[in-house]
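Only one structure is covered here, and it is reproduced in the block below.
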Amino acid sequence: MNIKASIFEKHADWFLVLPLIAYLSAFTLFPILENLYISVTTGTIISVFSLPFMDQTLINTGIFSLGTVSLEFLFGLILAILVDRVKRGSKFFSSIFIIPLLVSPVAVAVIWLLILDPQYGPLNYFLSFLGIKGPFWVGQQSTIMLSAIIASAWEETPLTFLIIYAGFKSIPSQIYEAASVDGLGGFSLLKNITFPMAKPSLAVAALLALMTSFRSFDLVYMFAINGPFLYVQTLPYLLYQVSFVSNFQQYGSAISLLIMLIALLPTFLLLRMMRIDERLGLKKEREGSPAFTQRLKSLFKARKGNLSSRHLASLMPDVGRNKKASKKSKSLLPDALTYALLSIAAILSIFPFYWTVVTSLKTYNELFPAGGGIVLFPTQIDLSNWVEALIELYGYLVTSLSVTAAVVLLTILIAVPAAYSISRFKTGGTKIVSWNIIVNSMPSVIFIIPLFYYTQAAHIYNTWWSLISTYLIFTLPISVWLLVGFIEDIPKQIDEAARIDGMGSFSIIWRMVFPLIKPGIIAVVILSVINCWHEFLFTLILGLTVFSGQVPVGARGVTVFISNFISATGINWATISAGAVAISLPLIILAIILQKYFIGGLTLGSTKG
Amino acid sequence: MASVTLKKVSKTFGKVTVVNSIDLDVKDGEFMCILGPSGSGKTTILRMIAGLEKVTSGEIYVGDELVNDIPPKDRDIAMVFQNYALYPHMSVRENISLPLKIRGKSKQHIDEKIRSVSEYLQISRLLDKKPSQLSGGEQQRVALARAIVRDPKVFLFDEPLSNLDAKLRVSARGFLKRLQKELGTTSIYVTHDQAEAMTMADRVTVIHQGLIQQIATPQELYSKPANVFVAGFVGSPPMNIISGSIVNRDGTLYFREEEDRFDIKVKNSLPEGKVLLGVRPEDLLVSTYSREDYTMIADVYVQEPLGPLQYLSLDMKGLKLLSQTSSDLKISLNQHVYLKFREDRLYFFSHETGRGLYLT
């Protein structure tokens, strides 16, 4: 045994977690301090409140966040109740309901701009049947906010649904059996058993929905550039406007702090609910109410045919209990009605996407029917829009693909050792994990101004490196948290046996941990891919040009392509639809194939970057 | 092969002392059981020997070598875990070969070793299976194979039989004992099951609350328990412990139960005063009719037939006693019975310290 190795082994706990800490310090802690420095030295920390339209922006932010949350929670809850009731098809319906989540917010905006188009959009067309003359939606002061809320709720409802549904599923079937023997059924079952037992999940779902809508930038941006922006502009958009359109970045720093301050409250609530100390085994779990994440683990535990999880399950007697028995015999709704409602919900959740696909394939005549009205099922298919979109897309696509691949690789390389160290050596107690969750909960817009300076100072502005180095902010924290959960589930004796058999920390991670947390790795990869692929703000700010063959210059990703399309060429609906579908489809397919990992990752990590 | 020596070894977690300055000397080739209830610190001792826990103070030697600061992998010790800790993603063959591979052994050497070990443990047909495809007994053999294959100086066993069902446990017990004798490797075996310790060990170390209670051969442990704890822990069903005092009546010594439910003559020359009397259930004789010497009377409270034997819970005016008798004795619930202790098999313990009083 050489001396170097023994020094490493002695301090393995800190060595393994060091890259993570170094990264988070440089790219999250430092930017916050810099924001603070700038806004204090320039005095903007006080004068920020006298920015024009600040009042309106704060009100908008409140309306947008609360409005979106209310809709999301309502629909998420209804979907969860319905899906939880059916014996067959819950997987099918789940995979349809998650589709909106897989479309990047920029594309979601495009989709809804199509739907809400006053003249050629299907919504006003359908309203006309009811004798209602639809408004101008996005083009009108009074309805632009409502439009944004609807679009945002459509996109984010799936996450709320998944978390609530996971909470429902984690209720042991024996409880339902006992309740039905005791004579409960229908509403009394929901009221007395399902809701109280799923309360932690309901709370987390609401909290996450609130945080997601509060930080929403992409969608608001897309609506704002297409309508009376003053009536939809929220704090993140104001930050962008002030800093990068009007170039008052000192004010941007102050707005960053304001956003951070507002986001801290829900973040700390979330931290408490996650019970990190219990998850890490630093504190005994409260009896009768296993930690939220623990319950969600059942999503993974129920998997069939996986050797490692079966082996683990055999060591832990309390898992795999969530077999769905023939519960709820006295039903709230007849089965037929449940399926009917689910089908309507399914149609509502895919119709906007369907409309976009159809639009992208339409000929000019069917796009804009001469006699008015809309064409729901095109009779002719025109692929020229696709050809045009794909040609234009090329440079953006190369950038997004390369950046995504690099970020995923770096994420795994940094997150797995760090998670191992946190799980096994309890490095930093709960602090490092909490830091990760806080970063993950913070709107990423608060980091952008310092990062903008960094990339210029480091001469990586408008290169792939600017995105690769900053996208880890979105992928690392969630991955560490997820992987800690998975590593916690590997019996400690496996490590100990490996140590006695002669392995050091590195080979244990490589030979034992890595193969045993494969489901976790897959979940991390797919979540990271989605986060990188959907990211809009950073590539908008840190990218200036499109990749044109000179690696690694050109940091504009696929989302910028979509947004550019609107402003640059006017709105060519068919081509932009083709673009939106083209960048969304690969992820939709990937996520549906790997659905269980994706859903597991989302609900387990339960925060999206 | 080597001896294992612990000198004044202590372990504290925060403010809690789990192992309190213990001295233990396991001889070369010996099968030593560490017996104690859960939370007694026995597993911590084993883990300190393995190097999985650092000692707070004291010294651990394997052979003549001080191993306090040597990492587990360099101690040349093998360990079999309670849940076997087989690597779930590797086949049986990979599981067994891993310790050799890590140590850079040649492929030929590894193949040869695996062949001989798997033949010896009769697991050759399992080599290409995954651990999850094996039964509990098979997993246990694979775990053994992984330990044996390295020819380590010492085997450590952490309750390796507790995950097996009752029937398999008995046969595995015999198998392990035979294996240890054939290999002659120094073995330290931790268990909370006194039957395991008694049947397998050359010597047993009884531990309670981090302190060694007694180190002795199984026979000695049974016949001369060092204190009340050992007396109550070793033997099944447990010994009856009765409070009372030794009184001198006209030059004859009597044990008088504390509430005067009975008194009996004692032969030993015990000091007068408070003592604890221990009577094993098999030494509490029961008769259904009045006989000479059967001077005590009790009611049958519960009767538990066990085939050839039966356990009788007896109620002597509120004092609960347990007797083990032959099933031939026909008895019904609440029946009056007559009792007698085997006088030569009585144990006395100090009332203050619990220590055994063996004056003869």
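The values are calculated or read from the model by the stated rules, or taken from the named source; none is laboratory data. All figures in this text were calculated on a predicted structure; none of them were measured in a lab. As a convention, Cβ positions derive from the backbone with ideal geometry for all residues, glycine included, and neighbour counts pool all protein chains shown.
Residue-wise test of (1) surrounded by fewer than 23 Cβ atoms within 10 Å (Cβ to Cβ); (2) within 17 Å of residue A:23 (Cα to Cα).
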| residue | (1), (2) |
| --- | --- |
| A:428 | yes, yes |
| A:434 | yes, yes |
| A:468 | yes, yes |
| A:471 | no, yes |
| A:475 | no, yes |
| A:484 | no, no |
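In the set (1) within 14 Å of chain B (Cβ to nearest Cβ); (2) touching a residue at least 24 places away in the same chain (Cβ under 8 Å), residue A:507 fails one condition alone, (2).
Picking from residues in segment A:339-356 that are crowded, with 19+ Cβ neighbours inside 10 Å and of a type outside the set (Gly, Ala, Ser), the one that is farthest from residue A:122 (Cα to Cα) is A:342.
Just one residue in the set B:60, B:34 is more than 17 Å from the chain's Cα centre (by Cα), more than 11 Å from chain A (Cβ to nearest Cβ), part of a strand (DSSP E or B) and closer than 21 Å to residue B:216 by Cα; that residue is B:60.
Considering (1) surrounded by 23 or more Cβ atoms within 10 Å (Cβ to Cβ); (2) within 14 Å of chain B (Cβ to nearest Cβ), the lone condition that residue A:495 does not fulfil carries the number (1). Would you check if there is a residue in segment B:86-109 being of a type in the set (A, V, I, L, M), in a strand (DSSP E or B) and more than 8 Å from chain A (Cβ to nearest Cβ)? No - not one qualifying residue is present in segment B:86-109. Would a scan of segment A:452-459 turn up a residue that is under 23 Å from the mean Cα position of the chain (by Cα) and not polar (S, T, N, Q)? Within segment A:452-459, none of the residues are under 23 Å from the mean Cα position of the chain (by Cα) and not polar (S, T, N, Q). State the number of residues belonging to segment B:306-328 that are among the basic types (Lys, Arg) and in a loop (DSSP other than H, G, I, E, B). Of the residues in that region, 1 qualify. Of everything in segment A:552-590 that is part of a loop (DSSP other than H, G, I, E, B) and at pLDDT 90 or above, the residue that is nearest to the chain's Cα centre (by Cα) is A:557.
Here are some residues: B:92, B:80, B:55, B:62. Which one is modelled with pLDDT of 90 or more, β-branched (Val, Ile, Thr) and under 20 Å from residue A:425 (Cβ atoms)? Unique residue meeting the criteria: B:55. Based on what the data block shows, is residue B:270 surrounded by 14 or more Cβ atoms within 10 Å (Cβ to Cβ), in contact (Cβ under 8 Å) with a residue 60 or more places away in the chain and hydrophobic (A, V, I, L, M, F, W, C)? When the stated conditions are applied, residue B:270 passes them. Restricting B:313, B:326, B:350, B:287 to those that are without any contact (Cβ under 8 Å) to a residue 24 or more places away in the chain, hydroxyl-bearing (Ser, Thr, Tyr) and surrounded by 13 or more Cβ atoms within 10 Å (Cβ to Cβ) reduces the list to B:313. Taken together, A:463, A:475 contain a single residue that is in contact (Cβ under 8 Å) with a residue 60 or more places away in the chain and touching a Pro at 6+ places or on another chain (Cβ under 6 Å), which is A:463. Applying the condition of being among the β-branched types (Val, Ile, Thr) and not in a loop (DSSP other than H, G, I, E, B) to segment B:63-84 and asking which residue is nearest to the other protein chains (Cβ to nearest Cβ) yields B:77. Do we find that residue A:490 is closer than 20 Å to residue A:521 by Cβ and buried (at least 24 other Cβ atoms within 10 Å of the Cβ) in this structure? No: the conditions fail for residue A:490. Applying the set (1) crowded, with 22+ Cβ neighbours inside 10 Å; (2) within 20 Å of the chain's Cα centre (by Cα) to residue A:519 leaves exactly one unmet item: (1). So is residue A:91 more than 14 Å from every other protein chain (Cβ to nearest Cβ), touching a residue at least 12 places away in the same chain (Cβ under 8 Å), within 23 Å of residue A:602 (Cα to Cα) and of a type in the set (Lys, Arg) or not? So residue A:91 fits the description; yes. What are the residues in segment B:208-257 that are assigned to a strand (DSSP E or B) and of a type in the set (D, E, K, R), if any? Hits for segment B:208-257 are B:249, B:256, B:257. In segment A:182-192, the residue that is surrounded by the fewest Cβ atoms within 10 Å (Cβ to Cβ) out of those that are in a helix (DSSP H, G or I) and free of Cβ contacts under 8 Å to residues at least 40 places away in the same chain is A:191. Scanning segment B:112-140 for residues that are over 23 Å from residue B:73 (Cα atoms) and either of a type in the set (Lys, Arg) or free of Cβ contacts under 8 Å to residues at least 24 places away in the same chain (or both) yields a total of 11. Only residues that are more than 26 Å from residue B:109 (Cβ to Cβ), crowded, with 18+ Cβ neighbours inside 10 Å and within 11 Å of chain A (Cβ to nearest Cβ) were counted in segment B:129-182, giving 3. Quick check: anything in segment A:428-437 within 14 Å of another protein chain (Cβ to nearest Cβ), farther than 30 Å from residue A:548 by Cα and in a helix (DSSP H, G or I)? The answer is no; no qualifying residue exists. Remark: pairs (first residue in segment B:97-111, at negative phi; second residue surrounded by 10 or more Cβ atoms within 10 Å (Cβ to Cβ) and of a type in the set (Ser, Thr, Tyr); Cβ separation under 6 Å; 6+ apart in sequence or on different chains) = B:110/B:97. When restricted to residues that are in contact with a Ser or Thr (Cβ under 7 Å, 6 or more places away or on another chain) and crowded, with 19+ Cβ neighbours inside 10 Å, segment B:183-200 contains 4.
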